[in-house]
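The values are calculated or read from the model by the stated rules, or taken from the named source; none is laboratory data. Only a predicted model underlies this, so the values are computations on that prediction, with no experimental measurement involved. Heads up, the Cβs are rebuilt from the backbone with ideal geometry, glycines too, and the neighbour counts pull from every protein chain shown. For the accessible areas, the whole protein counts, side chains as well, though only heavy atoms, and no ligand, DNA or RNA atoms are used. Shrake-Rupley method; radii C 1.70, N 1.55, O 1.52, S 1.80 Å.
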Amino acid sequence: MKTHPMKLVTIIGEALAREPLTRLLETAGAHGYTLFTVEGSGAQGRRVADIREFANIQVEVIVPPAVAEELLTALERDFFPRYAMVAYETDVRVVRRDKF
Amino acid sequence: MKTHPMKLVTIIGEALAREPLTRLLETAGAHGYTLFTVEGSGAQGRRVADIREFANIQVEVIVPPAVAEELLTALERDFFPRYAMVAYETDVRVVRRDKF
Amino acid sequence: MKTHPMKLVTIIGEALAREPLTRLLETAGAHGYTLFTVEGSGAQGRRVADIREFANIQVEVIVPPAVAEELLTALERDFFPRYAMVAYETDVRVVRRDKF
């Protein structure tokens with residue numbers, strides 16, 4: 001079984017960001033993503049008073065490393081100042097490279 | 001805290017594949033899995049016209065590396081020709097090896 | 001794009017553990033977590049008769065490596081004897097270290 005290295009980019013943020021976020025994924029060339037609702041609590045900023053409950057979305061997308069870099073850069077520049085959001089990447093290996 | 005290397009295999013596919021997929025997991029010797037519903041969009045095939053919205057399932061299972069290899073091989077051979085599906089593996093470390 | 005290494009700790013367990021689990025995350029200094037409901041099947045113990053269907057929670061939290069170690073130690077000591085639960089960690093890279 002030959003597998004291929006890719007990046008899984010996970011984005012957790014307020015549901016308000018959904019439309020611009022999926023547009024960003026398309027623009028960046030992502031071939032597909034999954035999205036589901038999560039509960040939780042997070043720190044918005046650094047003051048304790050900012051900690052709050054939320055109902056939020058978790059978006060997961062698998063992309064080549066260069067696209068992951070591009071996505072994370074755009075998220076930090078255009079989304080983080082505007083939305084409560086975190087993003088991280090994970091190394092994964094996919095079965096069929098042509099699907100991503 | 002001693003942790004042990006395992007593989008997390010993630011499978012995203014149409015809900016239609018649920019029954020044969022969980023049977024495959026049992027046959028392969030997986031000791032447990034989680035399953036949840038996701039939204040998203042994905043490319044089925046390579047033509048733009050094939051891109052579509054879907055409500056789908058995401059299945060996650062932690063297994064030893066040899067079982068991951070077996071699972072991915074069976075998925076590519078028996079499931080990918082039949083179902084809209086992607087699969088990938090991630091290196092993880094578990095607390096108690098005997099649970100997987 | 002500078003990213004920073006962190007640990008993603010994933011905990012899957014019965015919903016009954018939710019309150020003590022979120023208290024543990026706060027005590028350990030986690031700055032946020034996500035939580036969602038999953039279906040699945042798992043082996044509780046080692047007898048085949050113990051395999052059962054469940055509706056469960058999956059909690060994901062990103063923390064520095066030392067906090068991951070502390071969390072996994074506390075889970076094994078205080079939660080595993082009491083609740084049906086598994087936990088594992090994954091290496092991830094985050095965009096903004098100060099959020100975690």
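Within the shell of other residues whose beta carbon sits under 14 angstrom from the beta carbon of B:V61, the net charge comes to -2, with Lys and Arg scored +1 and Asp and Glu -1. For chain B, a crude dipole built from +1 on the beta carbon of Lys and Arg and -1 on the beta carbon of Asp and Glu, taken about the Cα centre, is about 220 debye to the nearest 20. Between A:T37 and C:R23, the simple label model (points 7 Å from Cα in the Cβ direction) yields a spacing of 2.8 nm.
Estimated at the nearest 10 Å², the accessible area of B:M1 is 70 Å² with a 1.4 Å probe. For chain C, the longest principal axis of the Cα atoms and the long axis of helix C:18-28 meet at an angle of about 30 degrees.
Across the protein chains, with a 1.4 Å probe defining accessible surface, the residues A:H4, C:H31 rank C:H31, A:H4 from largest area downward. Inter-label distance, C:A55 to C:L16: 1.6 nm, where each label sits 7 Å from its Cα along the C-beta direction.
Ranking of C:E14, B:E60 by solvent-accessible surface, largest first: C:E14, B:E60 (1.4 Å probe, protein heavy atoms only, all chains present). Between C:D98 and B:D98, the simple spin-label model (points 7 angstrom out along Cα→Cβ) gives 4.7 nm. Taking every DSSP helix (H) stretch of at least 4 residues in the protein assembly as shown, weighting each as -39,500 (n - 2.57) and dividing the sum by the residue count yields a mean residue ellipticity at 222 nm of -6000 deg cm²/dmol. Here chain B is treated as a sphere whose radius is the Kirkwood value from Cα pairs; by Stokes-Einstein at 10 °C and 1.306 mPa s it diffuses with a coefficient of 111 µm²/s.
Buried accessible area for the C:A pair, summed, 1.4 Å probe, in Å² rounded to 100? Accessible area lost upon association: around 1900 Å².
For chain B, what's the relative contact order in percent, using C-alpha pairs closer than 8 Å and at least 6 residues apart?
Details: 163 pairs, mean separation 49.0, N = 100.
Contact order relative to length: 49 percent.
Computed over neighbours whose Cβ is under 9 Å from that of A:H4, the net charge equals +4, Lys and Arg +1, Asp and Glu -1.
Comparing B:H31, A:M6, A:N56 along the charge dipole axis of the protein assembly as shown, the residue lying farthest to the positive side is A:M6, per the Cβ-charge model. The fraction of Cα-Cα pairs per 20 angstrom bin, counted from 0 for the protein assembly as shown, comes to 34, 60, 5 percent, rounded to whole percents.
Among C:A55, C:A87, C:A28, the largest mean-square fluctuation in a Gaussian network model of chain C, built with springs joining Cα atoms closer than 10 Å, belongs to C:A55.
Quick one: with all protein chains in place, what share of the accessible area of chain B is carbon or sulfur, to the nearest percent (1.4 Å probe)? Spell out each step's value before the answer.
On the way: 2430 of 4740 Å².
Roughly 51 percent of what the probe reaches on chain B is carbon or sulfur.
Return the residues of the range B:12-36 for which accessible area with all protein chains present is lower than in the chain on its own by 10 Å² or more; set the probe to 1.4 Å and exclude ligands, DNA and RNA. With the partner chains in place, the range B:12-36 has these residues losing at least 10 Å²: B:I12, B:R18, B:H31, B:G32, B:Y33, B:T34, B:L35, B:F36. Between A:V86, A:V38, A:V63, the residue with the greatest mean-square fluctuation in the GNM of chain A (Cα pairs under 10 Å linked by springs) is A:V38.
Ranking B:A84, B:L21, B:L72 by how far each Cα lies toward the positive end of the dipole of chain B (charges on Cβ) leaves B:L72 at the top.
Averaged over the residues of peptide C:76-88, the number of Cβ atoms from other protein chains lying within 10 Å of each residue's Cβ is 3.
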